[in-house]
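The values are calculated or read from the model by the stated rules, or taken from the named source; none is laboratory data. In this text, all values refer to a predicted model and were calculated from it rather than measured experimentally. Methodologically, a virtual Cβ is constructed for each residue, glycine included, from the backbone with ideal geometry; neighbour enumeration extends over all protein chains shown.
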Amino acid sequence: MTYIAKPKFHHPGLKKNELGYTHRDYEGKISTLCAGCGHDSITASIIEACYELSIEPHRVAKISGIGCSSKTPDYFLGNSHGFNSVHGRMPSVLTGANLANRDLIYLGVSGDGDSASIGFGQFAHSIRRAVNMTYIVENNGVYGLTKGQFSATADRGSKSKKGVTNTDNAIDLVAIALQLGATFVARSFSGDKTQLVPLIAAAIRHKGASFIDVISPCIAFNNHAGSTKSFDYVREHNDAVNRLDVLVGREPISVDYAPGTVQVVEQHDGSRLALRKLDADYDPHDRLGAMTFLQKHAAKGQIVTGLLYVDPDAEDLHTHLDTVETPLNTMDEQALCPGSAVLDKINASLR
Amino acid sequence: MKPTDISAPDYFHKVVDCQWACPAHTPVPEYIRLIAEGRYSDAYMINWKSNVFPGILGRTCDRPCEPACRRGRVEDNPVAICRLKRVAADFKDDIKHRLPKPGPKNGKRIALVGGGPASLSVARDLAPLGYHCTVFDGDPKAGGMMRSQIPKFRLPDSVIDEETDYILDLGVEFKGGQRVDSLKQLLSENYDAIFVGSGAPRGRELDIPGRKEAGANIHIGIEWLANVSFGHVDKIGRRVIVLGGGNTAMDCCRTARRLGGESVKVVVRSGFEEMKASPWEKEDAIHEDIPILNYMVPVAFKHVAGKLIGVTFQKVRAEYDDKGRRNLVPSGEPDETIPCDDVLVAVGQENAFPWIEADCGIEFDKWHMPKVDPKTFVSTNPKVFFGGDAAFGPKNIIWAVAHGHDAALSIHKMLSGEDINERPLPEVHVSSQKMGIHEWSYDNDISADKRFKVPHRDKVVALKDIRAEVELGYDLKLALGEAQRCLNCDVQTVFSAPLCIECDACVDICPMDCISFTENGEEDDLRQRLKAPSPHHDQALYVSGDLKTGRVMVKDEDVCLHCGLCAERCPTGAWDMQKYLIDMVQAGSTCQSKARSAA
């Protein structure tokens with residue numbers, strides 16, 4: 001743990017975004033995680049993505065549960081709204097907040113324990129309800145805070161730091177998210193920011209449930225030989241299906257790639273995703289294909305990363321519920337609670 | 001790029017910008033840390049060893065270190081290195097017992113011509129080794145231009161006395177009031193070596209109409225300053241014009257203000273910005289109500305019945321040719337005559353060696369300067385060495401000190417029967433500063449304070465007394481605040497590629513975006529691909545060997561705060577903070593034959 005505050009000085013030539021902020025303006029407090037933690041790189045990627053999108057910090061709500069991963073919202077976007085909820089309950093708190101104020105950008109930050117064990121049900125329902133959010137799981141395969149027991153995402157056959165082999169089957173959160181109807185699904189690696197930053201930016205711009213599973217090595221308890229979530233293992237077995245560039249505004253897409261290798265996806269809000277295909281056969285609009293692809297490659301021991309599925313015309317919970325455009329938190333009492341006469345009328349209509 | 005060779009003594013030396021810029025290579029961050037710890041005597045001794053005159057330089061140095069200071073690239077102003085040096089001198093205890101003792105005589109005799117900083121530095125280095133050093137000076141006391149030309153309100157006599165005495169007390173013989181008139185004569189006295197540190201003693205003339213006729217009220221700046229210094233002159237007319245834009249001109253105008261000059265003006269040919277005077281000296285002059293008028297070329301002294309009444313100036317403007325050279329061309333405005341009672345001419349200094357006879361074996365170049373080897377400081381006569389302003393024309397005290405060290409080393413080598421061209425490499429010490437997991441032996445918490453101003457004496461009081469020192473120096477509270485602004489650039493970031501697991505922790509934590517992991521390339525290409533812009537190409541890139549992913553680590557040294565966060569956040573110890581100390585070789589250094597030991 002670092003005891004000094006990160007100096008306020010920054011590089012004098014640092015670029016500013018449209019709002020006049022440098023990426024340093026999107027930082028939070030200094031991290032108290034172990035040195036080298038993958039989560040800190042995810043933090044840096046979130047900072048970079050928000051800086052690049054010129055997001056106003058006060059328009060973001062960052063919500064988390066419990067665990068190493070859930071501590072990280074303290075380390076980025078120091079001027080945003082935040083809620084550190086009960087273990088595994090981030091999705092329901094986020095859903096509630098989203099219903100009350102649909103105007104904010106919701107960033108759910110969770111870990112493999114928080115989302116694949118105690119909060120597995122919460123995770124599942126927020127995805128299937130299509131809450132408009134970016135749900136990031138910082139996935140290291142171990143319970144770091146309790147000294148390195150296998151978590152539910154640890155692969156069967158992988159070894160703990162003490163040499164114990166995991167005999168349980170792993171939950172693949174990406175597969176579950178696809179199955180439950182998430183409309184933006186990606187997997188990435190904390191050690192590859194060129195891939196991760198655009199994925200986070202695209203997910204933030206996506207309307208609907210965006211899910212990103214980020215493999216994030218735990219330096220203290222899961223970065224040894226025999227682990228399938230170590231820096232070395234992930235680098236050796238990483239099978240990236242595509243590379244992504246996020247384009248906001250009208251600038252033309254620079255085509256310096258071989259023709260036919262770039263696929264442009266226009267999202268609901270006008271942002272465009274330029275996908276450079278690395279795997280010629282991979283189609284990120286094919287949910288079923290994605291699921292099959294994942295299973296096949298998992299069987300070969302490969303970790304598929306990239307933008308795995310996107311539905312650019314997705315709808316979200318508010319559309320499904322046909323809620324009003326005005327955020328509930330800006331309505332007055334009269335509008336929110338029109339009185340018993342109106343209630344009687346509704347009840348009568350249901351008889 | 002090839003992996004950086006950090007074992008080359010110069011690599012980390014350059015990172016310590018202040019020390020690299022200092023002609024004497026004073027270990028600046030090291031003594032600033034000692035000041036912060038309250039160890040003023042220790043800080044003084046580090047200075048004394050390398051720059052010989054900490055108290056004097058702490059008031060008068062031209063401070064090449066400060067424009068180089070990294071802090072000046074990080075925020076508005078560099079650390080006040082020079083004035084912190086004065087703090088060490090002001091607050092030290094009696095350090096006499098820590099000075100070297102005169103060594104047992106080795107029978108060798110050295111003559112030193114001139115008692116200024118260059119000669120005294122040579123004597124300081126040689127006397128403890130047993131050489132019998134004899135210093136000759138035309139003035140009664142040692143110090144040379146430090147005593148004669150620098151006004152007492154900037155540098156009190158007591159400071160000069162103290163620091164020249166430290167040297168003379170090493171058994172150095174000082175022959176005051178004995179100007180050397182003949183090198184031939186000196187050579188005939190069979191000294192084993194002669195060092196010429198006679199300075200640049202002649203003020204340049206300004207030969208324009210009226211110079212002779214009005215001569216009684218036209219004074220050459222450095223001569224006039226010396227006369228003031230020795231009490232021969234104690235007043236000047238009410239209206240004074242100072243011609244020239246260097247530091248001597250600034251000393252002249254401020255001295256004139258104290259001797260009765262109510263309306264003192266400095267007039268310079270060039271623009272205000274191009275003036276040779278240090279910015280802070282210009283500021284001090286302006287603060288004392290002295291206007292500086294620029295782009296005015298003096299064309300005539302006006303006089304009536306042998307009495308100066310004013311100076312006429314032609315107005316000019318700067319024009320630049322296609323090679324960027326500046327020419328001053330008449331602006332077409334009418335000439336202007338400024339009335340005055342006295343003029344001080346401070347338009348430059350010249351070397352003069354009328355006392356060196358043609359048959360002494362000393363060759364001169366076409367500018368009438370002696371031919372001196374810039375490394376060994378030997379002249380064409382192998383027994384005669386030059387240093388300070390006498391060697392390469394007017395510079396400043398710290399250069400004279402640096403020359404003195406090098407010349408002393410040459411003399412010592414020559415008289416030990418060694419080749420003076422073989423210069424031993426400095427010794428380098430590099431040691432980890434790690435004390436605990438996140439604990440360092442230096443204070444790595446970066447102070448955000450702006451540069452602290454040095455308190456000045458009240459202007460009304462200061463202008464009344466020519467001997468009242470204007471700058472009061474930092475008190476201990478201000479000194480501590482200023483010392484903590486130092487970025488400890490000598491505590492180096494040392495990277496070990498085999499230990500790195502490329503987790504990006506250092507990249508993420510670095511407050512200055514100094515560190516990038518990227519594919520290797522040529523330097524120009526690499527500088528384009530770093531995490532932050534890299535505008536200062538004189539600042540090195542620290543490039544590692546190949547890492548596991550085939551990339552390399554590239555660190556732009558430019559604005560690194562040396563906060564050590566890269567090392568704190570590194571899980572494998574691939575980064576470490578290591579203090580780099582370089583021991584410049586001086587005459588009598590213990591390990592002269594040993595090359596060096598770098599980590």
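Quick one: would you say residue B:446 is of a type in the set (Val, Ile, Thr), surrounded by 18 or more Cβ atoms within 10 Å (Cβ to Cβ) and more than 30 Å from residue B:154 (Cβ to Cβ)? Show your work before the answer.
Numbers: of a type in the set (Val, Ile, Thr): yes; surrounded by 18 or more Cβ atoms within 10 Å (Cβ to Cβ): yes; more than 30 Å from residue B:154 (Cβ to Cβ): yes.
So residue B:446 fits the description; yes.
In region A:197-217, of all residues being within 14 Å of another protein chain (Cβ to nearest Cβ), surrounded by 24 or more Cβ atoms within 10 Å (Cβ to Cβ) and β-branched (Val, Ile, Thr), the one that is nearest to the chain's Cα centre (by Cα) corresponds to A:214. As for region B:202-222, it holds at least one residue that is in the same structural domain as residue B:297 (by TED's automatic domain parsing), part of a strand (DSSP E or B), touching a Cys at 6+ places or on another chain (Cβ under 9 Å) and under 30 Å from residue B:342 (Cβ atoms). Of the strands (runs of 3 or more DSSP E) entirely within region A:1-118, those holding at least 3 residues that are out of contact with any His (no Cβ under 9 Å at 6 or more places or on another chain) and without any contact (Cβ under 8 Å) to a residue 24 or more places away in the chain occupy A:81-84.
Has region B:572-590 got any residue that is surrounded by fewer than 23 Cβ atoms within 10 Å (Cβ to Cβ) and over 36 Å from the mean Cα position of the chain (by Cα)? Yes, region B:572-590 contains at least one residue that is surrounded by fewer than 23 Cβ atoms within 10 Å (Cβ to Cβ) and over 36 Å from the mean Cα position of the chain (by Cα). Here residue B:324 clears all of (1) at negative phi; (2) within 34 Å of the chain's Cα centre (by Cα); (3) not in a strand (DSSP E or B) except the condition numbered (1). Look at region A:290-307: where a residue is farther than 14 Å from residue A:234 by Cβ and a partner is outside any helix (DSSP H, G or I), sitting 6+ places away or on another chain with Cβ atoms under 6 Å, you get A:290/A:308; A:290/A:309; A:294/A:304; A:307/A:186; A:307/A:242; A:307/A:244; A:307/A:284. Candidates are the residues of region A:287-344 that are in a strand (DSSP E or B) and among the aliphatic types (A, V, I, L, M); the one that is surrounded by the most Cβ atoms within 10 Å (Cβ to Cβ) is A:308.
Only one of the listed residues (A:134, A:194, A:183) is closer than 21 Å to residue A:49 by Cα and within 14 Å of chain B (Cβ to nearest Cβ). That residue is A:194. Only one entry of B:234, B:161, B:165, B:192 meets the criterion of being within 30 Å of residue B:126 (Cβ to Cβ) and touching a helix residue (DSSP H, G or I) at 6+ places or on another chain (Cβ under 8 Å), and that entry is B:192.
Of all residues in region A:219-232 being within 14 Å of chain B (Cβ to nearest Cβ) and under 22 Å from the mean Cα position of the chain (by Cα), which is surrounded by the most Cβ atoms within 10 Å (Cβ to Cβ)?
Residues of region A:219-232 within 14 Å of chain B (Cβ to nearest Cβ): A:219-225, A:227, A:229-232.
Okay, now just the ones that are also under 22 Å from the mean Cα position of the chain (by Cα), so A:219, A:222, A:229-231.
Values: A:219: 23, A:222: 28, A:229: 25, A:230: 22, A:231: 23.
Result: A:222.
Within the group A:302, A:267, which residue is modelled with pLDDT under 95 and touching a Leu at 6+ places or on another chain (Cβ under 9 Å)? Being modelled with pLDDT under 95 and touching a Leu at 6+ places or on another chain (Cβ under 9 Å) holds for just one of A:302, A:267, which is A:267. Listed conditions (1) under 13 Å from residue A:228 (Cβ atoms); (2) out of contact with any strand residue (DSSP E or B) (no Cβ under 6 Å at 6 or more places or on another chain); (3) free of Cβ contacts under 8 Å to residues at least 40 places away in the same chain are all met by residue A:166, apart from (2). Restricting the first member to region B:1-19 and to residues that are over 17 Å from residue B:559 (Cβ atoms), and the second to residues that are assigned to a helix (DSSP H, G or I) and of a type in the set (Val, Ile, Thr), the beta-carbon pairs closer than 9 Å and six or more apart or on different chains are B:19/B:28. Scanning region B:449-464 for residues that are closer than 24 Å to residue B:511 by Cα and surrounded by fewer than 14 Cβ atoms within 10 Å (Cβ to Cβ) returns B:449, B:450.
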